[in-house]
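For reference, the structure discussed in these notes is given below.
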Amino acid sequence: MFIDEARIRVKAGDGGNGCVSLHREKFVSKGGPDGGDGGKGGDVYFQAVENLDTLMDFSGKHHWQAQNGQPGSSNNKHGANGEDLIIAVPPGTLIHDVDLNLLLKDINEIGLKVCICRGGKGGRGNKAFATPTNQTPRYAEPGKKGQERNIRLELKLIADVGLVGMPNAGKSTLISRCSAARPKIADYPFTTLEPVLGIVELSDFRRFVMADIPGLIEGAHNGAGLGFEFLKHIERTRIIVHILDIMPLNGCDPVDNYRAIRSELQQYSKELAQKKEVIVANKIDLDPNEKAVADLRKKLKKTIHPISAVTGSGVKELAELLWHEVKADKNGQDNSSEG
Ligand SMILES: Nc1nc2c(ncn2[C@@H]2O[C@H](COP(=O)(O)OP(=O)(O)OP(=O)(O)O)[C@@H](O)[C@H]2O)c(=O)[nH]1
Ligand SMILES: [Mg+2]
(Lines give C-alpha, C1' and ligand atoms only; values in the text may rest on other atoms or scores of the structure.)
(Ligands and ions follow the chains in the order given, each with its own letter.)
Protein backbone atom coordinates (compact mmCIF):
# COMPACT_ATOMS: atom_id res chain seq x y z
CA MET A 1 0.00 0.00 0.00
CA PHE A 2 2.88 2.35 0.78
CA ILE A 3 4.30 1.60 -2.54
CA ASP A 4 5.26 3.86 -5.33
CA GLU A 5 5.33 2.03 -8.64
CA ALA A 6 6.39 2.69 -12.19
CA ARG A 7 6.42 0.56 -15.31
CA ILE A 8 8.90 1.31 -18.01
CA ARG A 9 10.44 -0.34 -21.03
CA VAL A 10 14.21 -0.28 -21.26
CA LYS A 11 16.33 -1.20 -24.21
CA ALA A 12 20.07 -1.44 -24.60
CA GLY A 13 21.66 -0.15 -27.80
CA ASP A 14 21.93 -2.38 -30.85
CA GLY A 15 25.37 -3.23 -32.12
CA GLY A 16 26.45 -1.40 -35.27
CA ASN A 17 26.58 -3.42 -38.48
CA GLY A 18 29.89 -4.56 -39.88
CA CYS A 19 30.87 -2.90 -43.13
CA VAL A 20 31.40 -4.45 -46.56
CA SER A 21 34.08 -2.52 -48.38
CA LEU A 22 36.94 -3.22 -50.75
CA HIS A 23 39.97 -1.03 -50.54
CA ARG A 24 40.24 1.44 -53.38
CA GLU A 25 43.28 3.59 -53.96
CA LYS A 26 44.96 5.04 -57.00
CA PHE A 27 47.67 2.71 -58.29
CA VAL A 28 46.67 -0.06 -55.89
CA SER A 29 44.80 -2.82 -57.59
CA LYS A 30 42.98 -5.43 -55.56
CA GLY A 31 43.33 -3.55 -52.29
CA GLY A 32 41.41 -6.27 -50.50
CA PRO A 33 38.55 -6.07 -47.98
CA ASP A 34 38.67 -3.18 -45.51
CA GLY A 35 35.18 -3.07 -43.99
CA GLY A 36 35.44 -2.20 -40.28
CA ASP A 37 33.51 -3.71 -37.36
CA GLY A 38 30.40 -2.09 -35.92
CA GLY A 39 30.52 -0.49 -32.45
CA LYS A 40 28.91 -2.09 -29.41
CA GLY A 41 25.47 -0.87 -28.28
CA GLY A 42 25.31 0.99 -24.95
CA ASP A 43 24.25 -0.90 -21.79
CA VAL A 44 21.40 0.15 -19.52
CA TYR A 45 22.18 0.61 -15.84
CA PHE A 46 20.14 1.57 -12.82
CA GLN A 47 21.89 3.56 -10.16
CA ALA A 48 20.70 4.70 -6.74
CA VAL A 49 21.30 8.39 -6.18
CA GLU A 50 20.87 10.74 -3.28
CA ASN A 51 18.09 13.33 -3.22
CA LEU A 52 15.58 11.16 -5.02
CA ASP A 53 12.83 9.66 -2.93
CA THR A 54 9.96 8.84 -5.23
CA LEU A 55 9.41 7.24 -8.61
CA MET A 56 7.34 10.16 -9.85
CA ASP A 57 9.85 11.10 -12.52
CA PHE A 58 9.01 7.91 -14.37
CA SER A 59 5.37 8.77 -14.88
CA GLY A 60 6.22 11.05 -17.79
CA LYS A 61 8.65 8.80 -19.59
CA HIS A 62 7.94 5.21 -20.52
CA HIS A 63 10.67 4.27 -23.01
CA TRP A 64 14.31 4.39 -22.03
CA GLN A 65 16.97 3.46 -24.53
CA ALA A 66 20.74 3.43 -24.62
CA GLN A 67 22.54 4.58 -27.74
CA ASN A 68 23.11 2.20 -30.66
CA GLY A 69 26.62 1.37 -31.84
CA GLN A 70 27.69 3.02 -35.09
CA PRO A 71 28.29 0.86 -38.17
CA GLY A 72 31.83 0.13 -39.25
CA SER A 73 33.13 1.85 -42.33
CA SER A 74 35.74 1.45 -45.00
CA ASN A 75 39.44 1.79 -44.28
CA ASN A 76 38.95 -0.65 -41.40
CA LYS A 77 37.25 2.00 -39.33
CA HIS A 78 35.55 0.62 -36.23
CA GLY A 79 32.13 2.15 -35.55
CA ALA A 80 31.84 4.15 -32.32
CA ASN A 81 30.39 2.33 -29.32
CA GLY A 82 26.96 3.51 -28.16
CA GLU A 83 26.85 5.45 -24.91
CA ASP A 84 25.54 3.64 -21.84
CA LEU A 85 22.29 4.83 -20.30
CA ILE A 86 22.33 5.28 -16.54
CA ILE A 87 18.87 5.62 -15.02
CA ALA A 88 18.80 7.27 -11.61
CA VAL A 89 16.47 5.76 -9.01
CA PRO A 90 15.95 6.39 -5.30
CA PRO A 91 17.78 4.03 -2.95
CA GLY A 92 15.46 1.20 -1.92
CA THR A 93 14.06 0.65 -5.40
CA LEU A 94 13.23 -2.92 -6.38
CA ILE A 95 13.67 -3.74 -10.04
CA HIS A 96 11.38 -6.44 -11.41
CA ASP A 97 11.31 -7.98 -14.86
CA VAL A 98 7.60 -7.99 -15.71
CA ASP A 99 7.71 -10.76 -18.35
CA LEU A 100 9.86 -13.11 -16.28
CA ASN A 101 7.98 -12.14 -13.13
CA LEU A 102 11.34 -11.94 -11.43
CA LEU A 103 13.01 -9.60 -8.97
CA LEU A 104 16.23 -8.64 -10.73
CA LYS A 105 17.76 -6.42 -8.09
CA ASP A 106 17.16 -4.52 -4.90
CA ILE A 107 19.06 -1.26 -5.28
CA ASN A 108 19.43 -0.51 -1.64
CA GLU A 109 22.39 1.80 -1.23
CA ILE A 110 23.39 5.14 -2.65
CA GLY A 111 25.83 4.78 -5.52
CA LEU A 112 25.03 1.13 -6.25
CA LYS A 113 24.93 0.64 -10.02
CA VAL A 114 23.70 -2.48 -11.79
CA CYS A 115 23.52 -3.43 -15.43
CA ILE A 116 20.01 -4.51 -16.43
CA CYS A 117 20.31 -4.78 -20.23
CA ARG A 118 23.45 -5.49 -22.19
CA GLY A 119 24.10 -3.68 -25.44
CA GLY A 120 24.42 -5.78 -28.62
CA LYS A 121 27.87 -6.61 -29.95
CA GLY A 122 28.92 -4.86 -33.13
CA GLY A 123 29.01 -7.00 -36.29
CA ARG A 124 32.36 -7.82 -37.82
CA GLY A 125 33.27 -6.09 -41.08
CA ASN A 126 34.08 -8.07 -44.20
CA LYS A 127 37.78 -7.87 -43.48
CA ALA A 128 37.27 -10.38 -40.70
CA PHE A 129 35.90 -12.94 -43.13
CA ALA A 130 38.79 -12.98 -45.58
CA THR A 131 40.29 -16.45 -45.98
CA PRO A 132 42.94 -17.80 -48.36
CA THR A 133 40.18 -19.16 -50.58
CA ASN A 134 37.89 -16.13 -50.34
CA GLN A 135 40.05 -13.08 -50.24
CA THR A 136 37.30 -10.61 -51.06
CA PRO A 137 34.27 -11.57 -49.00
CA ARG A 138 31.20 -9.51 -49.95
CA TYR A 139 29.44 -9.92 -46.68
CA ALA A 140 29.71 -8.61 -43.14
CA GLU A 141 27.98 -9.43 -39.89
CA PRO A 142 24.96 -7.43 -38.75
CA GLY A 143 25.16 -5.96 -35.24
CA LYS A 144 23.45 -7.93 -32.45
CA LYS A 145 20.25 -6.52 -30.96
CA GLY A 146 20.48 -4.91 -27.54
CA GLN A 147 18.55 -6.60 -24.71
CA GLU A 148 15.08 -5.24 -23.91
CA ARG A 149 12.98 -5.66 -20.83
CA ASN A 150 9.69 -4.52 -19.41
CA ILE A 151 10.54 -3.31 -15.96
CA ARG A 152 8.44 -2.65 -12.92
CA LEU A 153 10.05 -0.38 -10.36
CA GLU A 154 8.79 -0.54 -6.82
CA LEU A 155 9.69 1.68 -3.92
CA LYS A 156 8.53 1.48 -0.37
CA LEU A 157 7.80 5.00 0.67
CA ILE A 158 8.76 6.23 4.08
CA ALA A 159 6.81 9.24 5.19
CA ASP A 160 8.66 12.43 6.13
CA VAL A 161 5.68 13.90 7.92
CA GLY A 162 3.02 12.08 9.94
CA LEU A 163 -0.42 13.46 10.78
CA VAL A 164 -1.72 12.70 14.24
CA GLY A 165 -4.87 13.86 15.95
CA MET A 166 -8.27 12.90 17.24
CA PRO A 167 -10.76 11.26 14.92
CA ASN A 168 -12.61 13.84 12.83
CA ALA A 169 -9.87 16.46 13.22
CA GLY A 170 -9.50 16.69 9.45
CA LYS A 171 -6.30 14.72 8.82
CA SER A 172 -7.62 12.98 5.72
CA THR A 173 -9.09 16.23 4.43
CA LEU A 174 -5.67 17.85 4.75
CA ILE A 175 -3.76 15.09 2.95
CA SER A 176 -6.31 15.08 0.14
CA ARG A 177 -5.91 18.88 -0.14
CA CYS A 178 -2.16 18.86 -0.53
CA SER A 179 -1.44 15.56 -2.30
CA ALA A 180 -2.97 13.21 -4.83
CA ALA A 181 -3.97 10.79 -2.05
CA ARG A 182 -7.76 10.36 -1.82
CA PRO A 183 -8.60 8.77 1.52
CA LYS A 184 -12.20 8.53 2.63
CA ILE A 185 -13.45 11.61 4.45
CA ALA A 186 -16.58 11.71 6.58
CA ASP A 187 -18.07 13.48 9.56
CA TYR A 188 -17.85 10.50 11.86
CA PRO A 189 -14.87 9.27 13.86
CA PHE A 190 -12.62 6.47 12.59
CA THR A 191 -13.25 7.09 8.95
CA THR A 192 -9.66 6.25 8.18
CA LEU A 193 -8.99 2.60 8.98
CA GLU A 194 -5.56 2.23 7.44
CA PRO A 195 -2.63 4.55 6.93
CA VAL A 196 -2.49 6.41 3.63
CA LEU A 197 0.55 8.06 2.10
CA GLY A 198 0.54 11.06 -0.15
CA ILE A 199 3.29 12.99 -1.91
CA VAL A 200 3.07 16.73 -1.33
CA GLU A 201 4.46 18.64 -4.29
CA LEU A 202 5.67 22.23 -4.17
CA SER A 203 7.24 24.51 -6.75
CA ASP A 204 10.70 23.73 -8.16
CA PHE A 205 10.26 19.97 -7.82
CA ARG A 206 10.33 20.13 -4.05
CA ARG A 207 8.27 17.46 -2.35
CA PHE A 208 7.86 15.34 0.70
CA VAL A 209 5.82 12.35 1.77
CA MET A 210 2.94 12.73 4.22
CA ALA A 211 1.23 9.92 6.14
CA ASP A 212 -2.36 9.98 7.33
CA ILE A 213 -3.20 7.47 10.04
CA PRO A 214 -6.41 6.60 11.87
CA GLY A 215 -7.39 9.00 14.62
CA LEU A 216 -6.09 8.51 18.15
CA ILE A 217 -8.18 8.75 21.30
CA GLU A 218 -7.50 8.87 24.97
CA GLY A 219 -6.62 5.42 26.24
CA ALA A 220 -5.28 4.37 22.85
CA HIS A 221 -2.21 2.86 24.53
CA ASN A 222 -4.59 0.51 26.36
CA GLY A 223 -6.19 -0.53 23.10
CA ALA A 224 -8.98 2.04 22.85
CA GLY A 225 -9.80 3.05 19.29
CA LEU A 226 -7.73 2.08 16.31
CA GLY A 227 -4.79 4.36 15.95
CA PHE A 228 -2.20 3.10 18.42
CA GLU A 229 -0.73 0.31 16.37
CA PHE A 230 -0.36 2.72 13.48
CA LEU A 231 1.97 4.91 15.47
CA LYS A 232 4.78 2.67 14.30
CA HIS A 233 4.44 4.35 10.91
CA ILE A 234 4.68 7.75 12.54
CA GLU A 235 7.70 6.61 14.51
CA ARG A 236 9.77 6.56 11.34
CA THR A 237 8.78 10.01 10.15
CA ARG A 238 10.81 13.15 10.71
CA ILE A 239 8.06 15.52 11.77
CA ILE A 240 4.75 15.06 13.56
CA VAL A 241 1.89 17.29 12.50
CA HIS A 242 -0.61 17.45 15.29
CA ILE A 243 -4.03 18.38 13.88
CA LEU A 244 -6.48 19.96 16.27
CA ASP A 245 -10.13 20.51 15.49
CA ILE A 246 -10.82 23.94 16.97
CA MET A 247 -14.57 23.36 16.91
CA PRO A 248 -15.04 19.76 18.05
CA LEU A 249 -18.58 18.52 17.39
CA ASN A 250 -18.76 16.90 20.82
CA GLY A 251 -18.02 20.24 22.45
CA CYS A 252 -14.79 19.22 24.15
CA ASP A 253 -11.88 21.59 24.55
CA PRO A 254 -9.18 21.45 21.84
CA VAL A 255 -6.58 22.04 24.58
CA ASP A 256 -7.67 18.90 26.41
CA ASN A 257 -7.60 17.02 23.13
CA TYR A 258 -4.09 18.25 22.49
CA ARG A 259 -2.89 17.07 25.89
CA ALA A 260 -4.66 13.73 25.57
CA ILE A 261 -2.92 12.99 22.27
CA ARG A 262 0.45 14.13 23.60
CA SER A 263 0.06 11.78 26.51
CA GLU A 264 -0.70 8.90 24.13
CA LEU A 265 2.40 9.68 22.08
CA GLN A 266 4.42 9.74 25.28
CA GLN A 267 3.07 6.36 26.32
CA TYR A 268 3.89 4.92 22.92
CA SER A 269 7.54 5.86 22.94
CA LYS A 270 9.93 8.49 24.19
CA GLU A 271 11.51 8.90 20.76
CA LEU A 272 8.15 9.55 19.21
CA ALA A 273 7.25 12.12 21.83
CA GLN A 274 10.55 13.90 21.29
CA LYS A 275 10.07 14.32 17.59
CA LYS A 276 9.65 17.80 16.20
CA GLU A 277 5.96 18.68 16.32
CA VAL A 278 4.04 21.22 14.27
CA ILE A 279 0.68 22.12 15.79
CA VAL A 280 -2.10 22.88 13.37
CA ALA A 281 -5.46 24.43 14.27
CA ASN A 282 -7.91 23.16 11.65
CA LYS A 283 -11.39 24.31 10.67
CA ILE A 284 -10.72 28.05 11.04
CA ASP A 285 -13.54 28.62 8.55
CA LEU A 286 -15.85 27.84 11.48
CA ASP A 287 -14.14 30.49 13.61
CA PRO A 288 -14.45 33.71 11.61
CA ASN A 289 -13.32 36.07 14.40
CA GLU A 290 -10.40 33.77 15.29
CA LYS A 291 -11.44 33.49 18.89
CA ALA A 292 -10.82 29.77 19.15
CA VAL A 293 -7.30 30.05 17.68
CA ALA A 294 -6.42 32.93 20.02
CA ASP A 295 -7.71 30.92 22.93
CA LEU A 296 -5.64 27.91 21.92
CA ARG A 297 -2.49 30.03 21.58
CA LYS A 298 -3.03 31.55 25.00
CA LYS A 299 -3.60 28.25 26.74
CA LEU A 300 -0.96 26.16 25.03
CA LYS A 301 1.70 28.87 24.76
CA LYS A 302 2.99 27.24 21.62
CA THR A 303 3.21 28.21 17.97
CA ILE A 304 -0.06 27.35 16.27
CA HIS A 305 -0.58 27.19 12.51
CA PRO A 306 -4.18 27.98 11.62
CA ILE A 307 -5.63 26.34 8.50
CA SER A 308 -8.85 25.29 6.94
CA ALA A 309 -8.36 21.98 5.19
CA VAL A 310 -11.74 22.52 3.52
CA THR A 311 -11.25 26.01 2.09
CA GLY A 312 -7.49 25.58 1.67
CA SER A 313 -6.70 28.66 3.72
CA GLY A 314 -3.21 28.40 5.26
CA VAL A 315 -2.55 24.99 3.68
CA LYS A 316 0.06 26.17 1.21
CA GLU A 317 1.96 28.02 3.95
CA LEU A 318 1.81 24.90 6.09
CA ALA A 319 3.18 22.75 3.26
CA GLU A 320 6.07 25.21 2.78
CA LEU A 321 6.82 25.19 6.47
CA LEU A 322 6.78 21.39 6.59
CA TRP A 323 9.08 21.17 3.61
CA HIS A 324 11.59 23.42 5.39
CA GLU A 325 11.32 21.40 8.57
CA VAL A 326 11.87 18.14 6.70
CA LYS A 327 14.87 19.61 4.93
CA ALA A 328 16.34 20.95 8.18
CA ASP A 329 15.90 17.52 9.76
CA LYS A 330 17.55 15.77 6.81
CA ASN A 331 20.48 18.19 6.90
CA GLY A 332 20.81 17.80 10.64
CA GLN A 333 20.98 14.06 10.20
CA ASP A 334 23.62 14.29 7.47
CA ASN A 335 25.74 16.55 9.64
CA SER A 336 25.50 14.32 12.65
CA SER A 337 26.42 11.23 10.61
CA GLU A 338 29.42 13.07 9.19
CA GLY A 339 30.59 14.46 12.51
N1 LIG B 1 -15.65 23.18 8.32
C2 LIG B 1 -14.61 22.39 8.17
N3 LIG B 1 -14.75 21.06 8.19
C4 LIG B 1 -13.66 20.29 8.04
C5 LIG B 1 -12.38 20.84 7.83
N6 LIG B 1 -11.49 19.82 7.69
C7 LIG B 1 -12.20 18.69 7.80
N8 LIG B 1 -13.52 18.96 8.00
C9 LIG B 1 -14.62 17.99 8.15
O10 LIG B 1 -14.36 17.21 9.29
C11 LIG B 1 -14.84 15.88 9.09
C12 LIG B 1 -13.74 14.88 9.38
O13 LIG B 1 -12.73 15.02 8.41
P14 LIG B 1 -11.69 13.85 8.11
O15 LIG B 1 -10.67 14.43 7.19
O16 LIG B 1 -12.37 12.61 7.69
O17 LIG B 1 -11.07 13.68 9.56
P18 LIG B 1 -9.95 12.65 10.06
O19 LIG B 1 -9.10 13.38 11.02
O20 LIG B 1 -9.29 12.03 8.89
O21 LIG B 1 -10.86 11.59 10.84
P22 LIG B 1 -10.56 10.03 11.14
O23 LIG B 1 -10.12 9.39 9.88
O24 LIG B 1 -11.85 9.52 11.60
O25 LIG B 1 -9.51 10.02 12.19
C26 LIG B 1 -15.36 15.83 7.67
O27 LIG B 1 -16.74 16.00 7.68
C28 LIG B 1 -14.69 17.01 7.02
O29 LIG B 1 -15.43 17.52 5.94
C30 LIG B 1 -12.26 22.27 7.80
O31 LIG B 1 -11.18 22.85 7.61
N32 LIG B 1 -13.41 22.99 7.98
MG1 LIG C 1 -9.21 10.16 8.31
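The values are calculated or read from the model by the stated rules, or taken from the named source; none is laboratory data. A quick note: this is a predicted structure, and the numbers were derived from the prediction, not measured. Ideal geometry is used to build each Cβ from the backbone, glycine not excepted, and the neighbour counts take in all protein chains shown. Remember, those area values only see protein heavy atoms, side chains included, never the ligands or the DNA or RNA. Shrake-Rupley method; radii C 1.70, N 1.55, O 1.52, S 1.80 Å.
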- Query: Under the condition of being within 23 Å of the chain's Cα centre (by Cα) and not aliphatic (A, V, I, L, M), which residue from the range 174-191 is surrounded by the fewest Cβ atoms within 10 Å (Cβ to Cβ)?
  - Reply: ARG182
- Matching residues, the range 44-84, being assigned to a loop (DSSP other than H, G, I, E, B), open to solvent by less than 100 Å² (accessible area, probe 1.4 Å) and within 29 Å of PHE208 (Cα to Cα): VAL49, LEU52, ASP53, THR54, LEU55, LYS61, HIS62
- Task: Report yes if LEU163 is assigned to a strand (DSSP E or B), within 13 Å of ligand 1 (Cβ to nearest atom) and buried (at least 17 other Cβ atoms within 10 Å of the Cβ), otherwise no.
- Result: yes
- Task: Looking only at the range 2-10, decide whether some residue is out of contact with any strand residue (DSSP E or B) (no Cβ under 8 Å at 6 or more places or on another chain) and either open to solvent by 70 Å² or more (accessible area, probe 1.4 Å) or farther than 26 Å from LEU102 by Cα (or both).
- Result: no
- Note on the structure: Selection from the range 290-312 of residues on the phi > 0 side of the Ramachandran plot and hydrophobic (A, V, I, L, M, F, W, C) yields none
- Query: Among GLY198, GLY215, GLY225, which is the only one that is within 15 Å of ligand 1 (Cβ to nearest atom), touching a residue at least 40 places away in the same chain (Cβ under 8 Å) and more than 20 Å from ALA281 (Cβ to Cβ)?
  - Reply: GLY225
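Every residue, every condition in (1) in contact (Cβ under 8 Å) with a residue 60 or more places away in the chain; (2) within 27 Å of ALA180 (Cβ to Cβ); (3) hydrophobic (A, V, I, L, M, F, W, C); (4) in contact with a helix residue (DSSP H, G or I) (Cβ under 6 Å, 6 or more places away or on another chain), yes or no:
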| residue | (1), (2), (3), (4) |
| --- | --- |
| GLU264 | no, no, no, yes |
| GLN274 | no, no, no, no |
| THR303 | no, no, no, no |
| SER313 | no, yes, no, no |
| GLU317 | no, yes, no, no |
| VAL326 | yes, yes, yes, no |
- Note on the structure: Of the residues in the range 192-207 that are assigned to a strand (DSSP E or B), among the aliphatic types (A, V, I, L, M) and more than 9 Å from ligand 2 (Cβ to nearest atom), the one that is surrounded by the fewest Cβ atoms within 10 Å (Cβ to Cβ) is ILE199
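Matching residues to (1) modelled with pLDDT under 95; (2) more than 30 Å from LYS330 (Cβ to Cβ):
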site	(1), (2)
LYS26	yes, yes
SER29	yes, yes
GLY36	no, yes
GLY39	no, yes
TYR45	no, no
VAL49	yes, no
THR54	yes, no
ASN75	yes, yes
HIS78	no, yes
- Item | VAL28 open to solvent by less than 70 Å² (accessible area, probe 1.4 Å) and within 30 Å of ALA180 (Cα to Cα) | no
- ALA181 part of a loop (DSSP other than H, G, I, E, B) and closer than 30 Å to LEU318 by Cα: yes
- Item | Residue within the range 133-143 that is at negative phi, open to solvent by 20 Å² or more (accessible area, probe 1.4 Å) and in contact with a His (Cβ under 8 Å, 6 or more places away or on another chain) present | no
- Message: Go through (1) part of a loop (DSSP other than H, G, I, E, B); (2) more than 16 Å from ligand 1 (Cβ to nearest atom) for ARG152 and report which single condition fails.
- Response: (1)
- Residues being open to solvent by 70 Å² or more (accessible area, probe 1.4 Å) and in contact with a Lys or Arg (Cβ under 8 Å, 6 or more places away or on another chain) - total across the range 101-118: 0
